[in-house]
Structure formats: C-alpha cells, structure tokens
Amino acid sequence: MNTKYIFITGGVVSSLGKGIISASLGKLLQARGFKVTIQKYDPYINIDPGTLNPYEHGECYVTADGMETDLDLGHYERFTGIHTTRDNSVTTGRIYKAVIDRERRGDYLGKTIQVVPHITDEIKRRMLRKDVEGEQLDFVITEVGGTIGDIESAPFMEAIRQLRWQLGRDVVCIHLTYVPYIRAAEELKTKPTQHSVKELQGMGIQPDIVVLRTECHLDDALRMKVASFCNVDLECVIQSEDLPSIYDVPVNMQKQGLDAAILRKIGIPVGETPAMASWHAFLEKQKNATREVHVALVGKYDLQDAYKSIRESLNLAGIYNDVKAKIHFINSEGITPENVEERLSGMAGLVICPGFGQRGIEGKILAAAYARAHDVPCFGICLGMQMMVVEFARNVLGLSGANSAEIDPETPHNVIDMMEEQKKITQMGGTMRPGAYPCRLRPDSRASQAYSGVEDVRERHRHRYEFNNRYRKDYEGAGMQCVGVNPDADLVEIVEIPRLRWYIGTQFHPEYSSTVLHPHPLFMSFIKACIEYGTAEA
Ligand code: GLN
C-alpha cells in the first residue's frame, strides 16, 4: 500500500493535548500492524527548541540521532516505541533556512522566492518525507503546532490543503477542538468548535474527523450538532474526555473507533479491533499501583512540562514496580544549609535534575550532600550528576571551591570541565554533544546490575561539560567510582558510590528512552531502591 498521510491540527485554545492524540493514534495504527511514524511541525522561527527557555516550551527532547526537539516527540516515542529522528521535528525556521540557503546558492535561477510556492513546496516535501531514505511507512502522522488562525501557521495549512488536493483519499485531516462547559448556564458549548472548523474550511481544509476535548461527557445530541455544523459524519465526531491518565487515551480513542474511521475514509478494510494486550496489562498495573512512594525532583523549573520525560520515566518505573511515584518538585533555588533537612526529609528518593547555568546550583549541591550523608537513594542526571561530582570534591576530597567550569570558569578545581571539542565553538544553537553514544559498564556495579549485566549500552546526551579525568583516581580512591565510560572517548558517563544504597549519576539522559512498554532500567532500579528505603524508614 502507498503511504497515507494524517494531519492533526488544533483549534480554539492550545494545550489540548494534540501530542497525546497523535501519539495515541500512532499506537492504534501500530496495533493494527501498520508501520507508522509521527512528526511535529512547529510554526516558530527558531531552528529547533534547543535554545528555548523551558518556561516557553517545556523540556527539550533529544532524539537518538541528536536532534533537539519539541517535547511531543517524547510522547510519540513513549507511546509507540518508535525512534524519531531529526526528520520528525521541523520548524518554520528550518524551512526558511533551507529555502534561503538554496536562494543564496543560486538554485532558483533568478526567480522571485515566495511563501507560495517555494516555502509551501519545501513544507510539502518534508511532510512527505522525500529526503528520508529507505523508509517504508504505511502512515505518516503529522501534528501541526499552534492553533488554527495563527498567522505563522498559515503556510503549513496551505501545504496541507495542497497535499489533500493532490493525494485525495491518501490524506486524512483531523481537527482537535475544545468544548467548554459554562458552569453558570450548566451547558456545554459547541460554538467555538463551529468557528474553528469554519476557519479551517476557510483555508480550504475540510476536516474528516473532529476530536472534541472536554471535561464532561458529551451526549449524542451534542455530537450530532457538531457533525451537522461541521460537515462530518457522526462516527467521525470523537470525544476526548479528561481521563485519569494520558495512557488511557488510546483505549478511549479505540473504543470510539478513531482508527476505524480513518481506515474507512482511506478505503482500507477495517477488520477486527486489535486486543492491545500488553497495553491493557500496563493499564491494569497502573490502576493497581496506588501505594505512594515519595520522590523529590530537585530542579529549578517549577513547571510540569519542564522535566516531562523524567516525570514520565518515574511514573512508568513506579507502575512497573507496583507503586505510584508521587513526585514533589523542590526548587533548588530555595534550598539552604538551614532548610535542606526540612525540605528533603520524608522523601524515599531524590532526583537531581539536568540544567544549565548558575541559578539553583548550590541547592542541587546541598541536596546531593544530604542524600550522600543520609544514604537516601539519589539519581543525578546530567547537570545533576555533575553536581554530585562537585559535592564529592568539596566535601570528601577536600577540594574547596571545586566547581564545574560552566558555573565558575575560575575555579581552582574544575572537576567538571568543558569538553575539548566544545572549546572552539562560539555559536549556542545546535552545538552541544547530543544524541546516542555508547557507554561501557563496569561489571558488578550497581548501574550494570540495573541493566541486567549487559556490558554496553547506548544512551542519549545533551551537554558541553564532562567529568575531568585528571581527578578520576582521587574519586575512585575515595569511594566514588566511574562505572560507565564511553569506550571511544574515555568520557565518564556514570558515577556511583557503591557503599551507599543507590547513589548514581549519569552524564547521559536515560529519561529520553523510557517507553510505556519498556520502562528504563535505571529508573526501574532507582524506584526499587526508593521503595526499599521508604519501607525501611516507615
Ligand atoms: N550544563 C551542563 C552541560 O552542558 C549539563 C547539561 C544538561 O544537564 N543537559 O554539560
């Protein structure tokens, strides 16, 4: 079968969970045996979200091939287990850059370069994944960021309109809107949806399917109203009610026949509804995992989305360990020597978060010291690992003023230093060491046990600084072991203190490769340690 293209746009308001719907649909099509990928088109001008403040766009997700991307790619990977790549995350900035570079090379032979057709052609080429070699896909799901009516997403809409015209039934358009409940009138309102669909139609796109986000159940009469106002079949008006967990969404979509409706539109026989046994087994576990384990997330961004993949990794590892990981965000900026005890006591484990720059650093160091001194399970990720290393230098090795060169370039003990190849880089965007690299584990280390004894793993990175190997002997002599090392570059990837319960720091980001069906082994092992410690304390 030739590849089919599904486009998902959003209307009325943002934050409706388009990414979750896209990921859920990917899951449902996969369950029917189709080969699927999901891509995100973002209308902003940044080339990638790598330089964006997490307050603006939440976490920056990193693909195995080293692209800094939108956090929705994390949902796509967690739901479907697919590996996304740099082709799965495209911004207006990247589109324009490609066109402008081509113009400068003289490829357009004197033509006037315009939004239509040059920008839209570039968008279409990428939406169809023309540059991706050797890929055989049944479905490409494309989620467009932002809400309909945004000036900046107009070229994406125009590209979708053209593709629809060119490819006919091989294209399906889904529009996600919101049905608000007006409490004073005790009524659910479809007007915003009607307007939103009109706006889409005004751009020449007739949605095939409308998904309604709602906090209350919508009855058939309401769905009928939307169907008739929006020119869609009743079976193509799907509701997406608030559910206890985002992982319930695929099942809810399947129950209402979202995937079946798509197949019918395209003209593929619908066949039996897939059982999705392992997904249901996971949901069952989730339902039963009610005992809480309290984990502190020590970071500086007090925003759900800023550490999305870490939160989800903890959540998933909790479920597979039959507990509910109750995450307590602790702002590292507010941690002082006087209050660290009070802030962190009662926690069964600590995660020290990744990050950049000075703000909140000393709080992370205090948290690492607290965990080490009280033998509380502690997981440092990237900057978190680096702060474990700095803490150990200052308080165990007696290297006063030790620091990361990122935080204090003048430090007398740069136990974390800039990587050699980073020293000549002057541009900020897209110049970190990103993506998957190998790591060799020391047999019998706790980290190696977590990975069930395998010797070599590959994990994703995003950093400029590294453990300074000049200090390696001192650390190992004093009890902090470098148990994971990149075999090619000799870069320290994992440190641990074996005499403690669970004290591990990773230079890489394991959170990017947890999925619903395969929770990450380090998070699994960490949560297990938290449960044991929490239970022993209680
Ligand atoms: N800022 C640190 C570095 O560049 C850590 C980065 C991170 O936590 N992702 O090495």
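Scan Gly534, Gly453, Gly484 and give me the residue that is modelled with pLDDT of 95 or more and among the small types (Gly, Ala, Ser).
Gly484
At least 2 residues that are crowded, with 18+ Cβ neighbours inside 10 Å and among the aliphatic types (A, V, I, L, M) in each: list the helices (runs of 4 or more DSSP H) lying fully within segment 420-538 that qualify.
Answer list for segment 420-538: 446-450, 521-537.
Quick one: in segment 500-529, of everything that is within 16 Å of the ligand (Cβ to nearest atom) and farther than 17 Å from Leu73 by Cα, which residue is nearest to the chain's Cα centre (by Cα)?
So, considering only residues that are within 16 Å of the ligand (Cβ to nearest atom) and farther than 17 Å from Leu73 by Cα, the one nearest to the chain's Cα centre (by Cα) is Phe508.
A quick yes/no check of all residues on (1) within 21 Å of Phe329 (Cβ to Cβ); (2) of a type in the set (Phe, Trp, Tyr); (3) modelled with pLDDT under 95:
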{"position": "Ile238", "(1), (2), (3)": "no, no, no"}
{"position": "Met253", "(1), (2), (3)": "no, no, no"}
{"position": "Asp259", "(1), (2), (3)": "no, no, no"}
{"position": "Leu283", "(1), (2), (3)": "no, no, no"}
{"position": "Leu297", "(1), (2), (3)": "yes, no, no"}
{"position": "Tyr301", "(1), (2), (3)": "yes, yes, yes"}
{"position": "Gln304", "(1), (2), (3)": "yes, no, yes"}
{"position": "Ser309", "(1), (2), (3)": "yes, no, no"}
{"position": "Glu312", "(1), (2), (3)": "yes, no, no"}
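Taking the conditions exactly as written (among the β-branched types (Val, Ile, Thr), under 22 Å from Cys353 (Cα atoms) and more than 15 Å from the ligand (Cβ to nearest atom)), does Ile416 satisfy them or not?
No, not satisfied.
Count, please, the residues in segment 309-341 that happen to be under 26 Å from Pro521 (Cα atoms) and either within 17 Å of the chain's Cα centre (by Cα) or of a type outside the set (Phe, Trp, Tyr) (or both).
Counting residues in segment 309-341 that are under 26 Å from Pro521 (Cα atoms) and either within 17 Å of the chain's Cα centre (by Cα) or of a type outside the set (Phe, Trp, Tyr) (or both) gives 20.
Checking Leu397 against (1) within 16 Å of the ligand (Cβ to nearest atom); (2) hydrophobic (A, V, I, L, M, F, W, C); (3) in a loop (DSSP other than H, G, I, E, B), only one condition comes out false. Which one?
(1)
Within segment 432-480, count every residue that is among the basic types (Lys, Arg) and within 16 Å of the ligand (Cβ to nearest atom).
Total meeting the criteria: 4.
Is it fair to say Glu532 is away from the ligand (no atom under 16 Å from the Cβ), out of contact with any strand residue (DSSP E or B) (no Cβ under 7 Å at 6 or more places or on another chain), within 24 Å of Ala325 (Cα to Cα) and in contact (Cβ under 8 Å) with a residue 24 or more places away in the chain?
So Glu532 fits the description; yes.
So, Lys423, is that one more than 24 Å from Tyr512 (Cα to Cα), within 16 Å of the ligand (Cβ to nearest atom) and under 30 Å from the mean Cα position of the chain (by Cα) or not?
When the stated conditions are applied, Lys423 passes them.
For every residue, the table says whether it meets (1) more than 30 Å from His75 (Cα to Cα); (2) surrounded by fewer than 20 Cβ atoms within 10 Å (Cβ to Cβ).
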| site | (1), (2) |
| --- | --- |
| Ile100 | yes, yes |
| Tyr108 | yes, yes |
| Val140 | no, no |
| Ile148 | no, no |
| Glu158 | no, no |
| Leu163 | no, no |
| Gly168 | no, yes |
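What are the pairs, 6+ residues apart or on separate chains, where a residue within segment 432-443 that is without any contact (Cβ under 8 Å) to a residue 60 or more places away in the chain has its Cβ under 9 Å from a residue that is away from the ligand (no atom under 16 Å from the Cβ) and among the hydroxyl-bearing types (Ser, Thr, Tyr)?
Leu441/Ser448; Leu441/Tyr451; Arg442/Ser448
Going residue by residue through segment 83-90, is there one that turns out to be within 17 Å of Gly429 (Cα to Cα) and hydrophobic (A, V, I, L, M, F, W, C)?
Scanning segment 83-90, I find at least one residue that is within 17 Å of Gly429 (Cα to Cα) and hydrophobic (A, V, I, L, M, F, W, C), so the answer is yes.
Conditions (1) in contact with a strand residue (DSSP E or B) (Cβ under 6 Å, 6 or more places away or on another chain); (2) under 25 Å from His83 (Cβ atoms); (3) modelled with pLDDT under 95, marked per residue:
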site: Tyr108; (1), (2), (3): no, no, yes
site: Pro117; (1), (2), (3): no, no, no
site: Lys124; (1), (2), (3): no, yes, no
site: Glu133; (1), (2), (3): no, yes, yes
site: Ile141; (1), (2), (3): yes, yes, no
site: Arg161; (1), (2), (3): no, no, no
site: His175; (1), (2), (3): yes, no, no
site: Ile182; (1), (2), (3): no, no, yes
site: Ala185; (1), (2), (3): no, no, yes
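Taking only pairs six or more apart or across chains, which ones have beta-carbon atoms under 6 Å, a first residue in segment 377-397 that is charged (D, E, K, R), and a second residue that is more than 13 Å from the ligand (Cβ to nearest atom)?
Partner pairs satisfying both residue conditions: Glu391/Ile365; Glu391/Ala368; Glu391/Ala369; Arg394/Ala402.
For segment 346-393, what are the residues that are under 18 Å from Tyr471 (Cβ atoms) and charged (D, E, K, R)?
Across segment 346-393, the qualifying residues are Arg372, Glu391.
Might you check whether a residue that is assigned to a helix (DSSP H, G or I), of a type outside the set (Gly, Ala, Ser) and surrounded by fewer than 18 Cβ atoms within 10 Å (Cβ to Cβ) occurs anywhere in segment 301-317?
Yes, the conditions are met somewhere in segment 301-317.
What are the residue pairs meeting all of these: first residue in segment 462-481, first residue without any contact (Cβ under 8 Å) to a residue 12 or more places away in the chain, second residue within 16 Å of the ligand (Cβ to nearest atom), Cβ atoms under 9 Å, and 6 or more apart or on different chains?
Between residues of segment 462-481 that are without any contact (Cβ under 8 Å) to a residue 12 or more places away in the chain and residues that are within 16 Å of the ligand (Cβ to nearest atom), the close pairs are Arg470/Asn414; Arg470/Val415; Arg470/Asp417.
For segment 351-376, which residues satisfy the criterion of being within 16 Å of the ligand (Cβ to nearest atom) and part of a loop (DSSP other than H, G, I, E, B)?
Hits for segment 351-376 are Cys353, Pro354, Gly355, Phe356, Gly357, Gln358, Arg359, Gly360.
The values are calculated or read from the model by the stated rules, or taken from the named source; none is laboratory data. Just so it is clear, the model here is predicted, and its values are computed rather than measured. Cβ sites come from the backbone with ideal geometry, for glycine too, and all protein chains shown count toward neighbours.
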